[in-house]
Amino acid sequence: MSANNLSPLRVAIIGAGQVADKVHASFYSARKEVQLVAVCDSNPQQAQAFAERYAIKHFFTDAQTLLRECRPDVVSVCSPNRFHYEHVMQALAAGCHVMCEKPPAMTPQEADNMRRAAHRAGKVLAYDFHHRFALDSQLLRQRMESGELGDVYVTNARALRRCGVPGWGVFTNKALQGGGPLIDIGIHMLDAALFVLGFPRVKRVTAHAYQKLGNRKNSGQFGYWDPSAYTVEDAVFATLEFANGGILRLETSFALNITPQSVMNVEFCGDKAGATLFPAHIYEDVDGELVTLLQREKADEKRHQRSMEAFLDAVQGKPAPIADADQGYLIQQLVAAIYQAAQTGMCVEL
């Protein structure tokens, strides 16, 4: 509820695309303590259709006008990546709490400015790194902290698709998206891995990026795209070296000639035991035989819901482990370092 604990929190959504529909609006519309009051999209027809679908009274094509006229308490930023910075900063300046889709921004400087603005305003700024909110992630983090895996010195994070170039939106447009699979799906497994590990300090990054398939093919698992307008990478392979001596290897792709259609998982190798994230599985070797120490039968599918719930709890002053502005800035720095290392062919020191 809002500050007087009587009226529902007034919520606005900026960007009326798929994630705004399937995640944000569907979550808010099921909560009694919030009221969806406005939606904004640069496409007026899309904004109007979204508003009608969720019985939202006001729709706009300009975020600043929405903020001025509707004065929401909470804003979800679901616009294309290029506009995250602008919309988050506007919402914070208007006194709103903000849930922003990933990535935080296009550059580390923007993410740092957003972080500082949230601290100055005393408002919650959270990012929807929803995989860390899976029960699997929470469980492995607890077991990691208890020392059950020992010294985890190798982590393998994979967000791979054989041919899963999104055929909608601006996912193949580097100017609007900021990049390809790294900024779209790889960033999720990177965040989940770092969350479980407890965010150890990264001291250097090396990486390679490739564009071999997306600019030649035009169809795949998620429909059709224009190969002549494909300006993002197909795949990125990066190694992060931690100050504690461990490494994290990240592999991510929109298109890569591999056997499985897709892989979204993280593997942790410790000196006492190993673990796989989805579903959570902890195991060790005993005389050449694999012995299971813990195993969930099925990975948690309510990750988006738990992410949104944590954000709403934080807005209402309840203890909640959100993906906050400081961690968003850190992730943005690592993404930028990976792209820089891939582009220059040089090791990036942090």
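Miscellaneous remarks
- Tilt relative to the chain, helix 187-197 - C-alpha long axis, 0 to 90 degrees, to 10: 60
- Rounded tilt (10° steps) of 303-315 against the dominant C-alpha axis of the chain: 60
- The overall shape of region 1-137, judged from the alpha-carbon gyration tensor, is rounded, with an a/c ratio under 1.5.
- C-alpha center-to-center spacing [region 54-116, region 4-42] in angstrom: 13
- Estimated [θ] at 222 nm from DSSP helical runs (n ≥ 4, -39500 (n - 2.57)) normalised by residues in the chain, nearest 500: -9000 deg cm²/dmol
- Rounded Å value of the spacing that divides the Cα centres of region 326-350 and region 231-299: 21
- Rounded, prolate or oblate (a/c below 1.5 giving rounded, otherwise prolate when a/b exceeds b/c) for region 81-229 by Cα gyration tensor: oblate
- Rolling a 1.4 Å probe over the protein heavy atoms of the chain, with every protein chain left in place, gives an accessible area that is 47 percent carbon and sulfur.
- Viscosity 1.306 mPa s, 10 °C: Kirkwood-radius Stokes-Einstein D of the chain over Cα pairs, µm²/s: 76
- Loop sites in region 133-183: chymotrypsin sites (Phe, Trp or Tyr not before Pro), DSSP, at most 13 other Cβ within 10 Å: Trp168
- The residues of region 283-350 present an accessible area of 57 Å² per residue when probed at 1.4 Å with all protein chains retained.
- Where region 143-270 is the region considered: accessible area per residue in Å², 1.4 Å probe: 41
- Between 0 and 90°, nearest 10: helix 44-53 axis offset from the chain longest Cα axis: 90
- Cα shape, region 288-350, gyration tensor, a/c 1.5 rule: oblate
- Heavy-atom surface of region 44-140, accessible at 1.4 Å and reported per residue (Å²): 42
- Pairs spanning more than 21 Å between alpha-carbon atoms, out of Lys123/Lys203; Lys123/Lys302; Lys32/Lys102; Lys22/Lys302; Lys22/Lys212; Lys102/Lys174: Lys123/Lys203; Lys123/Lys302; Lys32/Lys102; Lys22/Lys212.
- Percentage relative contact order, region 77-139, counting C-alpha pairs under 8 Å, at least six apart: 34
The values are calculated or read from the model by the stated rules, or taken from the named source; none is laboratory data. Bear in mind that the values here come from a model prediction, so they are computed numbers and not experimental data. Quick reminder, even Gly has a Cβ in these numbers, built from the backbone with ideal geometry, and neighbours come from all protein chains shown. Accessible surface areas use protein heavy atoms only, side chains included; no ligands, DNA or RNA. Shrake-Rupley method; radii C 1.70, N 1.55, O 1.52, S 1.80 Å.
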